[in-house]
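The values are calculated or read from the model by the stated rules, or taken from the named source; none is laboratory data. The structure presented is a predicted model; accordingly, all values stated were derived computationally and were not measured. Using ideal geometry, Cβ is built from the backbone for each residue, glycine included, and neighbour counts are taken over all protein chains shown. The protein model used for the area step is the full one, side chains on, heavy atoms only, and it has no ligands, DNA or RNA in it. Shrake-Rupley method; radii C 1.70, N 1.55, O 1.52, S 1.80 Å.
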Amino acid sequence: MTTKQIEYILELAKTLNFNHAAENLYVAQSTITYQIKAAEDEIGFKIFARSGKGATLTPAGFQ
């Protein structure tokens, strides 16, 4: 996991919205989505549950 991925995870955890997180970090929304998915794949569990309204932390994401 890279420091950028950690930065993206922390910002999404704060905003719970992919678009807002991307705007705050001055990157494309697709970049946030891709990097968080890559981090989740690397660690082997989902950090965020995605929905049409945004994202929420999973129980594993709280740990």
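Pairs linking a residue in the range 9-22 that is over 11 Å from GLY54 (Cα atoms) to a residue that is surrounded by fewer than 16 Cβ atoms within 10 Å (Cβ to Cβ) and of a type in the set (S, T, N, Q), with Cβ atoms under 6 Å and 6 or more positions apart or on different chains, are GLU11/ASN24; ALA22/GLN29. Residues in the range 24-33 include none that are modelled with pLDDT of 95 or more, surrounded by 12 or more Cβ atoms within 10 Å (Cβ to Cβ) and in contact with a strand residue (DSSP E or B) (Cβ under 7 Å, 6 or more places away or on another chain). A count restricted to the range 47-63 and to residues that are over 14 Å from ILE36 (Cα atoms) and open to solvent by 80 Å² or more (accessible area, probe 1.4 Å) stands at 5.
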